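In what follows, a single structure is set out as structure tokens and then discussed.
The values are calculated or read from the model by the stated rules, or taken from the named source; none is laboratory data. Keep in mind that this is a model prediction, so the values were computed, not measured. Glycine gets a Cβ as well: all are built from the backbone with ideal geometry, and neighbour counts include every protein chain shown.
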């Protein structure tokens with residue numbers, strides 16, 4: 001998760017106490033083998049706090065969507081390694097929901113395999 005932003009973003013003191021809606025932003029960056037990067041290597045998932053929270057289910061859904069799209073773009077290749085890095089947020093990344101999601105994805109994947 002990148003920094004969450006309040007909407008509307010106002011600096012007026014009286015509005016500070018008014019109810020603001022938070023915009024959640026999860027960005028996933030794919031690094032190519034040759035260390036180059038393009039706009040196609042970045043996926044940005046955003047949602048408002050009124051639509052969903054920012055826990056493991058929401059983050060896991062976005063990660064699974066990204067991985068499924070990545071796998072579709074790599075069809076025909078096999079035995080590739082998948083390396084994931086996170087900020088180690090325990091409620092979003094280091095939990096049984098995320099680990100089970102990733103285990104199931106690798107289990108059914110035709111492109112990625114365990115090394």
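Annotations for the structure displayed:
- Within segment 64-81, no residue satisfies the criterion of being modelled with pLDDT under 80 and outside any loop (DSSP other than H, G, I, E, B).
- Top-ranked residue of segment 48-61 - restricted to ones that are closer than 16 Å to residue 22 by Cβ and surrounded by 17 or more Cβ atoms within 10 Å (Cβ to Cβ), ranked as farthest from the chain's Cα centre (by Cα): 54
- Some residue of segment 15-36 being in a helix (DSSP H, G or I) and modelled with pLDDT under 80: yes
- Scanning segment 37-63 for residues that are modelled with pLDDT of 85 or more and in a helix (DSSP H, G or I) gives 57, 58, 59, 60, 61, 62, 63.
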